[in-house]
Every structure is written in structure tokens, then in C-alpha cells.
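The values are calculated or read from the model by the stated rules, or taken from the named source; none is laboratory data. These numbers were taken from a predicted model, which means no experiment stands behind them. Neighbour counts are summed over all protein chains in view; Cβ atoms, including those assigned to glycine, are modelled from backbone coordinates with ideal geometry. To get the accessible areas, we keep the full protein, side chains included, count just its heavy atoms, and leave off ligands, DNA and RNA. Shrake-Rupley method; radii C 1.70, N 1.55, O 1.52, S 1.80 Å.
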Amino acid sequence: MRLEGKSIIITGASSGIGAAAARIFAEEGASLVLSARRAALLEQLAAELRSAGAQALTLAGDVRQEDVAKRLVGLAEAEFGGLDGAFNNAGTVGDMGPVVDMSAETWSYVQDINLKAGFFGAKYQIPAMQRRGGGSIVFTSSFVGHTIGLPGMVAYASAKAGLVGMTQVLAAEHGGEGIRVNSLLPGGTRTEMAGDDPGTHAFVRNLHALKRMAEPEEIARAALFLLSDEASFVTGAAMLADGGNSICKT
Ligand code: NAD
């Protein structure tokens, strides 16, 4: 029970890595505040967790809205007495394409969901963790933009690399208060984001030393480590869980 007694927010909890994290964190004893836009999926997941004996609340909303970040923290404090952890995980690739064809709207949309939402999250999560006397924040970044430049992904790569910079500053600013901040960089993972095109999957599999994609649970377990006290001396890190795609040249 590595998260026993801990109250944790998960964004992007309706599918993929976020939903896998919700199930694993609940098994590890966490009390959860789950968020994403699809209310029905979220409530179905929370009901499943509650029927297994966990505490799980939902708040549907768009991470681009500052008020959603504020309300998530308010819910954790009101219902669970405080906030210990946040898995800021919602993300989107957006419309892909070369930079010369990219609209400002696409650029901003991708930055807002992947990067600005991290700022909104931190803005409200950090004061709550200060009130609690410490905590752990994890941002889901990506191998894209950190160890690999994939054509067509300029907006996504820039946003995910931005999270690594944000992580370093927040870790330095708040380490003395017992607040740890880390980025998690998954490799290619079998979720809705990765789609189901066999050709794309074969290409992505081959980028990795392990010659396969991750299951969402494998990434969620890395997030579990960062949110748990097992990672008590880990902060400011860009932690790869990338199946070796950063070192694979074959
Ligand atoms: P997914 O599409 O299954 O999950 C993305 C989640 O984010 C969903 O719950 C979705 O509803 C939510 N979301 C998207 N836009 C939102 C918004 N505006 N407001 C609120 N919620 C929103 O895909 P996933 O792979 O589980 O993605 C989780 C994270 O992992 C993302 O940040 C993604 O960029 C990152 N990531 C994924 C891969 C991969 O290969 N799948 C690789 C590296 C990083």
C-alpha cells in the first residue's frame, strides 16, 4: 500500500495511462480525485474503484480552464482533508504537420492542453501541498521532444519539452518545503492516443530497444513510484519509461 492515506488528483483519467493509474493508485491505498472531459467514463471508473473499496471522486472538466484546476484542489481538500499528490497527465497530440502549414490555433490548442494546464495545476496544487507540509507533483511529458524529434510534432514536442523546464523550476522553488516535482517521459504506449493503425504501431514499436509499445499500466507504475515515498529523494527529474527508445539506433 504505497499510497496509503494519500490524496491524489489524476487528470486525463478517463482512458489510457490516467485510467490505469487510477486503478493502480486505488489498489495502493490512495484517495482519488479523477478528472477528464468525459463525465460518464470518469463516473464509471470511479464506481468501479468504489466497489473495490477505494475512495474516488470525479470532477469533469477541461484542463484548459484555470477554474477546473482550482476546483480539483478544493475537492481534494474538502473531501479528503488535503492534497498529497497530483498526476498532471491529460494531453493531446493535436493536428500534426509541418510547421509551415501549422495554424496558430493548432499551436495554441496543443500548448494549452499539454503545457498551460500544467501551470494551472501547479498554481493551485503547490499552495495545497504547502498547507499539507509536502507533496509530489508529476507531469506526463514524452520521449517526443526530449530524446527524439519526430517530424510533424512540433507543437506537441515543444509543449512536452516545456514541462521538463517547468519541472526543474518548480522543483528548485519548492524542494525546501518538501514538495517534489518530476516529469515522466513515457515511450510509445498502447492507448487511444496511439490509435490503432498497424503501420504506425509497427513503426513505433521499432523505435524501442524492447521492440514493443508499453501497456498503460507500465507507465502508471512509474508514476506510482514518483508519487510514493519510495521516490523521496527524486525531484526535478525527467524520468524515462521509454522502453529504451532513447538509446536504440537499430
Ligand atoms: P489517452 O488519449 O488515452 O489519454 C489522454 C487523456 O487526456 C484522456 O483522458 C483525455 O480525455 C484527456 N484529455 C485530453 N484533452 C483534455 C482536455 N482538454 N481536458 C481534460 N482532459 C483532456 O492517451 P494516453 O496515452 O493515456 O495519454 C496520457 C498522457 O501520456 C498524455 O499527456 C500524452 O501526451 C502522454 N504520452 C502518451 C504516449 C503514448 O504513446 N500514448 C507517449 C508519451 C506521452
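Taking Cα atoms, how many degrees apart are the long axis of helix 66-80 and the longest axis of the chain, rounded to 10 and kept between 0 and 90?
The two axes meet at around 40 degrees.
Please work out the C-alpha center-to-center distance from the stretch 205-238 to the stretch 73-95 and express it in whole Å.
Spelled out, the Cα-based centre of one part sits 19 Å from the other.
Against the empirical 2.2 N^0.38 Å scaling, what ratio does the C-alpha Rg of the stretch 69-170 come to?
1.20
What are the semi-axes of the equivalent ellipsoid of the chain, taken as the square roots of 5 times the eigenvalues of the Cα gyration tensor, listed largest first and rounded to whole Å?
27, 19, 18
Eight or more residues apart or on different chains, and alpha-carbon atoms under 21 Å: count the Lys pairs in the stretch 7-247 matching that.
Value for the stretch 7-247: 4.
Principal axis lengths of the stretch 1-150 from Cα atoms, whole Å, largest first?
On the principal axes, the stretch 1-150 reaches 51, 31, 29 Å in Cα extent.
Please sort 223-233, 199-209, 182-192, 97-107 by packing, taking for each peptide the average over its residues of neighbouring beta carbons within 10 angstrom, highest first.
Packing proxy ranking, top to bottom: 182-192, 223-233, 199-209, 97-107.
Using Cα atoms only, what is the angle between the long axis of helix 16-27 and the major principal axis of the chain, expressed in degrees (0 to 90) to the nearest 10?
Helix 16-27 sits at roughly 30 degrees to that axis.
Could you give the dipole magnitude of the stretch 106-250 about its Cα centre, charging the beta-carbon of Lys and Arg +1 and that of Asp and Glu -1, in debye to the nearest 20?
Result for the stretch 106-250 is approximately 180 debye, rounded to the nearest 20.
The stretch 128-168 to the stretch 31-62: how many Å between their Cα centroids?
24 Å
Label the stretch 38-124 by shape, choosing from rounded, prolate and oblate, from the square roots a ≥ b ≥ c of the eigenvalues of the Cα gyration tensor; if a/c is under 1.5 it is rounded, and otherwise prolate applies when a/b is larger than b/c, oblate when it is not.
It comes out prolate by the Cα gyration axes.
Rank by packing, highest mean first: peptides 28-41, 1-14, with packing defined as the count of other Cβ atoms within 10 Å averaged across residues.
1-14, 28-41
Taking amide H positions as placed in the peptide plane 1.01 Å from N, state which residues far from Val181 in sequence (5 or more) or on other chains have amide H under 5 Å from it.
Amide H neighbours of Val181, under 5 Å, 5+ apart: Ile137, Gly236.
Give the residues of the stretch 59-97 whose amide nitrogen is closer than 18 Å to a point set 7 Å from the Cα of Ser232 in the direction of its Cβ.
In the stretch 59-97, the label zone of Ser232 (backbone N under 18 Å from the point 7 Å along Cα→Cβ) covers 84-85.
What value, in deg cm²/dmol to 500, does the helix sum -39500 (n - 2.57) over DSSP H runs of n ≥ 4 give at 222 nm once divided by the residues of the chain?
Mean residue ellipticity, 222 nm, calculated: -13500 deg cm²/dmol.
Defining a contact as two alpha carbons under 8 Å apart and six or more residues distant in sequence, what relative contact order in percent does the stretch 7-247 show?
20 percent
Given axes a ≥ b ≥ c from the Cα gyration tensor, I'd like to know whether the stretch 111-172 is rounded (a/c under 1.5), prolate (a/b larger than b/c) or oblate.
The shape class here is prolate.
Please report the relative contact order for the stretch 1-150, taking Cα pairs under 8 Å with a sequence separation of at least 6, and give it as a percent rounded to a whole number.
24 percent
Skip the ligands, DNA and RNA, and give the accessible area per residue of the stretch 158-250 with a 1.4 Å probe, whole Å².
Heavy-atom SASA per residue in the stretch 158-250 reads 48 Å².
From zero up to wherever the largest Cα-Cα distance of the stretch 140-250 sits, split into 5 Å bins and tell me the percent of pairs in each.
P(r) over the stretch 140-250, rounded to whole percents: 2, 12, 20, 23, 20, 12, 7, 3, 1, 0.
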